[in-house]
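Engineer: One structure coming up, written as C-alpha cells, with questions to follow.
Coordinate-derived values only; no laboratory data. Keep in mind the model is a prediction, meaning the values are calculated, not measured. Note that we place each Cβ from the backbone using ideal geometry, even for glycine, and neighbour counts take in every protein chain shown.
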Amino acid sequence: MPYRIAGIDVHKRMLAVVVTDVEIDGDFHLNRQKVGTTPPDLRGLAEWLVAQAVEEVVMESTAQYWRPVWEALEQHWRPRRRARDGGRALSGTLHLAQAQSNRGPGGRKKDFPDAERLVKRLVAQELTLSFVPDAEQRRWRTVMRRKYQVTRNRVQLQNRLEALLEEAHIKVSRIVSDLLGVSARRMLQALAGESDPTALAALAAPRLRATLAQLCDAFEACPTLHPVYRRLLKLTLEELRVIEDHLGQLDQQMADLLAAHHDAAQRLAEIPGLGVDSAQQIIAEVGATAATFPSSKHLAFWMAPAPATRKVRA
C-alpha cells in the first residue's frame with residue numbers, strides 16, 4: 001500500500017514541494033511542484049496534497065515564513081487525512097525541521113534537492129524536529145514573547161535615559177536608585193521646563209532617602225542646561241509612556257487568553273521565586289495541561305539543549 005510523504009522547502013514567496021512514496025524499494029519517485037505563498041496558493045497546496053494522498057508533511061523552519069504554511073495545512077489538509085478510514089497512526093502529521101539539520105553539501109540552498117533531503121532524512125530519523133503546539137497555545141506564545149520584547153525595550157530605554165542625564169550633568173541616578181520611579185519621574189518631567197534645582201528637588205516624595213540638599217546638588221546644572229537636552233528628555237519620557245501603555249495592554253490580553261487557566265496560573269505564581277508574569281510565561285511555553293508532556297522527563301527532554309537528533313521547541 002503506498003505511503004506518501006511531502007517535503008516542503010520554504011521561502012518567502014515560493015514553496016518547493018516534493019511528494020514521494022516511501023514504501024517503494026530503491027530510488028524515490030518524486031513528484032515536484034512550486035507553489036506560491038498567498039492564502040489561495042496555500043489552500044491550493046492543501047488540496048493538491050489531499051489529491052496526492054500524502055500522509056505526512058515535513059517542512060523547514062525558515063524564519064517566520066513556515067508559520068502560514070503550517071497553519072494552512074493544519075486547517076485544510078490535516079483534518080481530511082485523519083478523518084479518512086484506514087489511515088495509519090501518523091496520517092495527517094506535520095513535522096517542522098530545524099534548517100541546520102537539513103543542510104546540504106557545502107551548506108548551499110537548492111530548492112527541490114532540499115525538499116527531497118527533508119523527506120529522506122525524516123525517514124532515516126536524521127532531522128532535528130521542533131515541538132509545535134496547537135493554535136491556541138501559539139497565540140499565547142506570540143503575546144508573551146511580544147511582552148518580553150517590550151519589557152526589554154523598557155530596560156534599554158532606562159539605560160538610554162541614564163546616559164542622557166549623565167551627558168547633561170544631571171546626577172539623579174547617583175542618589176535615586178529607580179530612575180523610572182514616581183519621584184524621579186516627577187522631577188524629570190518637570191525638568192523639561194523648570195530650571196530651579198530647589199523647585200525640582202521639592203517634587204520628590206517624602207519617603208525618598210535622598211535629602212533635599214543632595215537633590216539640589218544633583219540638579220545643579222539645570223540653570224545652564226541646553227534646550228536640546230530638555231527636548232530629548234521629554235521625548236524619552238513620552239516614549240516611556242507609550243511602552244508602559246503597550247505593556248498594560250499586553251498584560252490584559254494575556255489575562256484574557258489564559259482566563260480559562262486562571263487557577264493553574266495562580267498556583268504557579270505562588271511558587272517561591274515566581275510571580276504572575278513568570279507563571280503566564282511557563283504556561284505559554286509549556287502548555288496548560290500535563291497532556292502535552294506525559295512526564296517530567298519528556299518535558300526536560302524537549303526543553304534542554306540536545307544532540308542533533310533531539311526535538312526542540314519552535
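Engineer: Just to confirm the number: angle between the C-alpha axis of helix 39-51 and the first principal axis of the chain, 0 to 90 degrees, nearest 10?
Structural biologist: It works out to around 30 degrees.
Engineer: Rank the residues E116, E194, E270 as a footprinting-exposure proxy: fewest other Cβ atoms within 10 Å of their Cβ go first.
Structural biologist: Arranged by neighbour count, lowest to highest, E116, E194, E270 become E270, E194, E116.
Engineer: Can I ask one more? What's the extension gain from V182 to A202 if we count 0.36 nm per residue and subtract their Cα-Cα distance?
Structural biologist: 5.9 nm
Engineer: May I ask what percent, to the nearest 5, of DSSP beta bridges between residues of the chain are antiparallel?
Structural biologist: 55 percent
Engineer: In addition: Measuring from a point 7 Å past the Cα of S195 along Cα-to-C-beta, which residues in region 228-242 have an amide N at less than 15 Å?
Structural biologist: Zone members listed by number: 228-231.
Engineer: In the structure shown, do any of K12/K110; K147/K234; K34/K110 have a Cα-Cα gap over 18 Å, and if so which?
Structural biologist: The pairs that break the limit, which is 18 Å between Cα atoms, are K147/K234.
Engineer: Okay, moving on. Once you place label points 7 Å from the Cα toward the Cβ at I243 and E71, how far apart are they in nm?
Structural biologist: 2.8 nm
Engineer: Given R₀ = 25 Å, FRET efficiency for S130-R80 by Cβ-Cβ distance, to 0.05?
Structural biologist: According to the calculation, E is roughly 0.60.
Engineer: A follow-up question, please. Calculated FRET efficiency, L164 and Q252, Cβ-Cβ r, R0 30 Å, to nearest 0.05?
Structural biologist: 0.45
Engineer: Same structure, new question: Can you give the angle from 0 to 90° between the axis of helix 135-167 and the longest principal axis of the chain, with both taken from C-alpha atoms, to the nearest 10?
Structural biologist: 30 degrees
Engineer: Just need the relative contact order of the chain here, percent rounded to a whole number, with Cα pairs under 8 Å and 6+ apart.
Structural biologist: Worked out over the chain, it gives 16 percent.
Engineer: While we're here: Taking 0.36 nm per intervening residue step and subtracting the Cα-Cα distance, what contour gain separates I175 from R88 on full extension?
Structural biologist: Extra length from I175 to R88 when fully extended: 24.5 nm.
Engineer: Moving on to the next point. Dipole of the chain, Cα-centred, from +1 at each Lys and Arg C-beta and -1 at each Asp and Glu C-beta, to the nearest 20 debye?
Structural biologist: Here the chain has a charge dipole of around 400 debye.
Engineer: Among (1) 33, 58, 8, 0; (2) 29, 46, 21, 3; (3) 25, 38, 25, 11, 0, only one was calculated for this model; which label is it, if the read-out is P(r) over Cα pairs in 20 Å bins from 0, in percent?
Structural biologist: (3)
Engineer: Between T236 and H262, with labels modelled 7 Å along Cα→Cβ, what's the label distance in nm to one decimal, could you check?
Structural biologist: About 4.0 nm, to one decimal.
Engineer: Please arrange V69, V176 by counting, for each residue, the other beta carbons lying within 10 Å of its beta carbon, fewest first.
Structural biologist: The most exposed by this proxy come first: V176, V69.
Engineer: Is it possible to state the helix-based mean residue ellipticity at 222 nm for the chain, with each DSSP H run of 4+ residues giving -39500 (n - 2.57), the sum divided by total residues, to the nearest 500 deg cm²/dmol? What is it?
Structural biologist: So the calculated ellipticity at 222 nm is -16000 deg cm²/dmol.
Engineer: Charges on Cβ only, +1 for Lys and Arg, -1 for Asp and Glu, centred on the Cα centroid of region 4-128; of V54, L30, L42, which one is farthest towards the dipole's positive end?
Structural biologist: L42
Engineer: Under a plain spin-label model, where a point goes 7 Å from the Cα along Cα-to-Cβ, how far apart in nm are D41 and A269?
Structural biologist: Using points 7 Å along Cα→Cβ, the separation is 4.4 nm.
Engineer: Additional query: On C-alpha positions alone, give me the angle between the axis of helix 111-123 and the longest principal axis of the chain, in degrees, nearest 10.
Structural biologist: With rounding to tens, the tilt is 80 degrees.
Engineer: Under a Cβ-Cβ cut-off of 11 Å, what is the net charge of the residues other than L208 that fall near it, where Lys and Arg count +1 and Asp and Glu count -1?
Structural biologist: +2
Engineer: According to the square roots a ≥ b ≥ c of the eigenvalues of the Cα gyration tensor, what is the shape class of region 136-286, taking rounded for a/c under 1.5, prolate for a/b larger than b/c otherwise, and oblate for the remainder?
Structural biologist: prolate
Engineer: Using the alpha-carbon centroid of each, what span in Å lies between region 137-186 and region 38-52?
Structural biologist: 46 Å
Engineer: Indicate the gyration tensor shape class of region 4-128 (rounded, prolate or oblate), computed on the Cα atoms with a ≥ b ≥ c the square roots of the eigenvalues: a/c under 1.5 is rounded; otherwise a/b larger than b/c is prolate and the rest oblate.
Structural biologist: Because a/c hits 1.5 or more and a/b fails to exceed b/c, region 4-128 counts as oblate.
Engineer: Still on this structure, please answer the following. Can you figure out the FRET efficiency of R152 with V22, using R₀ = 45 Å and their beta-carbon distance, to the nearest 0.05?
Structural biologist: Efficiency computed from Cβ-Cβ geometry: 0.50.
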